[in-house]
1. Residue by residue through segment 490-505, which ³J(HN,Hα) values in whole Hz follow from phi under the Karplus form 6.51 cos²θ - 1.76 cosθ + 1.60 (θ = phi - 60°), with glycine and proline marked x?
2. Could you sort 37-50, 279-292 so that the peptide with the highest average Cβ count within 10 Å comes first and the rest follow in order?
3. With a/c under 1.5 counting as rounded, go ahead and sort segment 201-354 into rounded, prolate or oblate using the C-alpha gyration tensor (a ≥ b ≥ c being the square roots of the eigenvalues; past the cut-off, prolate if a/b is larger than b/c, else oblate).
4. Return the calculated 222 nm mean residue ellipticity for the chain, to the nearest 500 deg cm²/dmol, obtained by summing -39500 (n - 2.57) across DSSP H runs with n ≥ 4 and dividing by the residue count.
5. Rg (Å, one decimal) plus Dmax (Å, integer) for the alpha carbons of segment 393-521?
6. Just check the chain against the gyration tensor rule for me: Cα atoms, a ≥ b ≥ c as the square roots of the eigenvalues, rounded for a/c under 1.5, and otherwise prolate or oblate depending on whether a/b exceeds b/c.
7. Between Ile36 and residues 5 or more places away or on another chain, which pairs have amide H atoms under 5 Å apart, with H built 1.01 Å from N, and which residues are they?
8. Cut-off under 17 Å on the C-alpha distance; same-chain residues fewer than 8 positions from Lys309 excluded. Which aspartates and glutamates are left, in chain and number order?
Amino acid sequence: MLNTATKTEATDAQQELTDGFHLVIDALKLNGINTIYGVPGIPITDLGRMMQAEGIRVLSFRHEQNAGYAAAIAGYLTKKPGICLTVSAPGFLNGLTALAHATTNCFPMILVSGSSEREIVDLQQGDYEEMDQLAIAKPLCKAAFRVLHAADIGIGFARAIRAAVSGRPGGVYLDLPAKLFGQVINAEAGRRSLVKVIDAAPAQIPAPSAVNRALDVLKGAKRPLIILGKGAAYAQADDAIKSFVEKSGAPFLPMSMAKGLLPDLHPQCAGAARSTVLKDADVVMLIGARLNWLLSHGKGKTWGEAPKKFIQVDIEPKEMDSNVEIAAPLVGDIGSCVAALLAGMGNGWTAPPAEWVNAVRTKRDENVAKMAPRLMNNNSPMDYHGALGVLRTIVKERPDAILVNEGANTLDLARGVIDMHQPRKRLDVGTWGVMGIGMGTAIAAAVETGKPVLAVEGDSAFGFSGMEVETICRYNLPICIVIFNNDGIYRGTDVNAAGSDPATTVFVKGARYDKMMEAFGGTGVNATSPDELKRAVNAAMDSGKPTLINAVIDPAAGSESGRIGNLNPQSILKKK
Ligand SMILES: Cc1ncc(C[n+]2csc(CCOP(=O)(O)OP(=O)(O)O)c2C)c(N)n1
Ligand SMILES: [Mg+2]
């Protein structure tokens, strides 16, 4: 049923009316969008209240950036656009980093921001929170729209939803000026103006010739490798992808958020033999993975000397040849492409040479065995491996829990150590390696899936969104945060040679992040050994109560920038 504003005698005693507020709510509900992440204020405070009254879940955050990261990951998990709702200028700008992050990561998200009076903004006459938000948002998202008339709200949301989820998904900006909300129109006209988006993300079927070309290249491989990206995880074509990889017999390498799409302990998983497979493969098939910096652009030392052929499966034609020549581009949605590949393989597909498969497996088993003893140490203070060994076991025992992960060493080492067992259970910093996704991501993961969440956070990384522990307590979400507290960024041991101030990378020594959680009624634990950590995490996951565990890590244990220290520019000048 459409909402209607109360009859206004002043206009027409007989006429049933609706307004901008209600049309926004109706447009969302009509399209099955029932969760909003945001921060209230002028001009959207009442909108939030009314949404809540109408049964939409509105989660109020402490900072828009965190609400934005929540919306972005909600989009990734559900394939429906995650909505972030903000006030004008400063709130909008706070949400913008997340919008750009969503676009870069191909997550469907809509940043809906209230804005100030167009007539005043455009003449730059100094309105309350004056800013030309549409112009600023445009270069940072896939599409940007502004609605000026209540009768266009339905179309505005339809365009935003379709733009966010169709083709390669991404961030969309929707600008709603304050005046729009109070605009009144005839309720029946309002009802008719709404648009239910039909087939918002249509299947994009690959050309049969492109499927055959891809299979021919794969068939010709002596040392094939399949790389699964988060695009493959997003597609929710889990069974087809698993069947395809298994039928191909090729080793596979999951990118960070594709871990678990096939279990990390699968016999074909080459995660622990990454450098070997990248160097030695002769045919590389990318499924929903891009040849960006995370794969060294498909060239250089990482990729070895031997010539390689690439097959790339992606929904975006422009992705092909982005860094190196793609011998077999396969453009279409991943579900359709993988189904077509499977059909084209028939029943007589020949497995890759046993020599290659065995070589990869041997290397993987060697590397796993090398790491094993380090994961079992019970040192206090902990090193990364001792702490992660415990968390690895806990995640294995609770495979449907969602792991959120950010930091430098905390991220890179956790990615390597913690095996994932189910699709879309690992959520992290994404393409940019952005710090600050932690609490927003954890909140949306809990809200959207109803599953318990384990957030493994560097102490610096956590600081970017730490105030949201109050949000977690307020909504009583089943989130257990483990802070790898090494007193700083990368390490806690840097010294400022000039004396006076602390070094730029260090924090207060011996800080007790667990006390922050206690301030809001959650459980706080200080853990100084892997045994203590294990007990505390298990108790938190069993209870489902908001918990923060301050895991004390040796300040000297980490390395500069984790695994990507080579990206730091170097000064050729001698130190003075
Ligand atoms: C938004 C943003 N700001 C700054 C950075 C640079 N940066 C990369 S990792 C990191 C923090 C690493 O420290 P921590 O989270 O404590 O992890 P540790 O290596 O100490 O385990 C920072 C600030 C970033 N990636 N993103
Ligand atoms: Mg740290």
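1. Taking θ as phi minus 60°, the curve returns 6, 8, x, 10, 4, 10, 7, 4, 7, x, 3, 6, x, 4, 5, 9 Hz for segment 490-505.
2. Details: 37-50: 19.7, 279-292: 23.1.
Taking the mean over residues of other Cβ atoms within 10 Å, the ranking is 279-292, 37-50.
3. On the way: a/c = 1.24, a/b = 1.16, b/c = 1.07.
Note, shape of segment 201-354 comes out rounded.
4. Numbers: 22 runs with 221 residues, N = 576.
Mean residue ellipticity, 222 nm, calculated: -11500 deg cm²/dmol.
5. For segment 393-521, the Cα radius of gyration and maximum Cα-Cα distance read 15.4, 51 Å.
6. Values: a/c = 1.91, a/b = 1.28, b/c = 1.49.
Taking the square roots of the gyration eigenvalues as a ≥ b ≥ c, the chain is oblate.
7. Here the answer is Arg57, Val58, Leu59, since their amide H atoms fall under 5 Å of that of Ile36.
8. Candidates past the 8-residue exclusion: Asp216, Asp280, Asp282, Glu319, Asp321, Glu325.
Any read-out appearing in this document is the output of simple, stated calculations on the displayed coordinates, not a laboratory observation. Keep in mind the model is a prediction, meaning the values are calculated, not measured. In this analysis, Cβ positions are derived from the backbone assuming ideal geometry, glycine residues included, and neighbour counts consider all displayed protein chains.
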